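Chemist: First the structure, which I've put down as structure tokens, then a few questions once you've had a look.
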Amino acid sequence: MIKPPTSMIDGQKAVCLDPAVRPPVDGRCLVYSFGINYEWSFDEMMETYGCKVHAFDPSMKMKSHMHSKGVRFHDIGLDDRDYLDPTTGWRLKSLSTIYQHLQHTGKIIDYLKLDIEFAEWRALPQILQSGMLKQVRQLHVEIHLRRNDSLQLLRSHAAVLKSIEDAGMIRFDSKSNPYYRGIISALNQHTDISLGYDIAWYQILPSTI
């Protein structure tokens, strides 16, 4: 979708275009994109494909607005519950709350992108527990690890990722971040490994309503 593809573009995300799981091209495609950081290439490409895109990022200090004809920006972020962060002043909500607020109940989210800087470890369990994952056709998550993560925490993170596949999603793409590396002491390492990964899954769902 980006020509030529390059790992230097932060907005580049894998989208499966196999007929059974690709986003529809008849105007019904719906995308939720969490984590923009002023990098609109993914959102604009999905708009070009034919999707209606809802983009979210409270860290940009921008009011909600129409970025373009098919991309609407929301000054809220994703977490496991609804609250106002007392430190940053950011408005954070769960996916189920946002989904209901946008009046998308019953509709399929054709592509859900999460790049939310460690908050994925809180948001993903809520998405699973609330049943929202059943409304998602394709899921892309940028996961983040820290050098001082304990072995117990790493096992917890692995369990979250496994639960996505236990719920029926099929992984079709996985890439390490070559620029975000370090030694995780709990793994008794002596060489750097990637501390960030882009992982994408799909599941076969009925057409959107």
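Where a number appears in this text, it was derived from the coordinates with a stated rule and is not lab data. Because the structure is a prediction, the values reported are computed rather than measured. FYI the Cβ positions are ideal-geometry reconstructions off the backbone, even for glycines, and counts take in every protein chain you see.
Chemist: With the structure loaded, tell me whether Leu102 is within 28 Å of Ala167 (Cα to Cα), under 19 Å from the mean Cα position of the chain (by Cα), surrounded by fewer than 18 Cβ atoms within 10 Å (Cβ to Cβ) and among the hydrophobic types (A, V, I, L, M, F, W, C) or whether it fails that test.
Modeler: So Leu102 fits the description; yes.
Chemist: Identify the single condition in (1) out of contact with any helix residue (DSSP H, G or I) (no Cβ under 9 Å at 6 or more places or on another chain); (2) more than 30 Å from Thr105 (Cβ to Cβ) that Leu151 does not satisfy, given that it satisfies every other one.
Modeler: (1)
Chemist: Scanning for something in contact with an Asp or Glu (Cβ under 7 Å, 6 or more places away or on another chain) and surrounded by fewer than 18 Cβ atoms within 10 Å (Cβ to Cβ), does the range 109-124 turn up at least one residue? Please lay out each step first, then the result.
Modeler: Step one: list which residues in the range 109-124 are in contact with an Asp or Glu (Cβ under 7 Å, 6 or more places away or on another chain), which gives 114-115, 119, 122-123.
Subsequent filtering for residues that are surrounded by fewer than 18 Cβ atoms within 10 Å (Cβ to Cβ) retains 122.
Yes, the conditions are met somewhere in the range 109-124.
Chemist: Suppose the filter is on the phi < 0 side of the Ramachandran plot and in contact with a Gly (Cβ under 6 Å, 6 or more places away or on another chain); does Lys52 pass it?
Modeler: yes
Chemist: Just checking: which of the helices (runs of 4 or more DSSP H) contained wholly in the range 89-181 hold 2 or more residues that are closer than 21 Å to Pro58 by Cβ and either of a type in the set (Ser, Thr, Tyr) or in contact (Cβ under 8 Å) with a residue 40 or more places away in the chain (or both)? Walk me through it before giving the result.
Modeler: Working: elements: 95-101, 120-130, 151-166.
In the range 89-181, the matching helices (runs of 4 or more DSSP H) lie at 95-101, 120-130.
Chemist: Another one. Could you check, for the range 187-198, whether at least one of its residues is outside any strand (DSSP E or B), in contact (Cβ under 8 Å) with a residue 60 or more places away in the chain and more than 22 Å from Ala123 (Cα to Cα)?
Modeler: Quick first cut of the range 187-198, residues outside any strand (DSSP E or B) only: 187-192, 195.
With the extra rule that they be in contact (Cβ under 8 Å) with a residue 60 or more places away in the chain, the set shrinks to none.
No: zero hits.
Chemist: Oh, and also: Can you tell me which residue within the range 27-64, out of those that are touching an Asp or Glu at 6+ places or on another chain (Cβ under 9 Å) and acidic (Asp, Glu), is farthest from Leu78 (Cα to Cα)?
Modeler: Among those residues, the one meeting the criterion is Glu39.
Chemist: A follow-up question, please. Which of the residues spanning the range 24-73 are of a type in the set (A, V, I, L, M) and crowded, with 16+ Cβ neighbours inside 10 Å?
Modeler: Leu30, Val31, Ile36, Met45, Met46, Val53, Ala55, Val71 - these are the residues of the range 24-73 that are of a type in the set (A, V, I, L, M) and crowded, with 16+ Cβ neighbours inside 10 Å.
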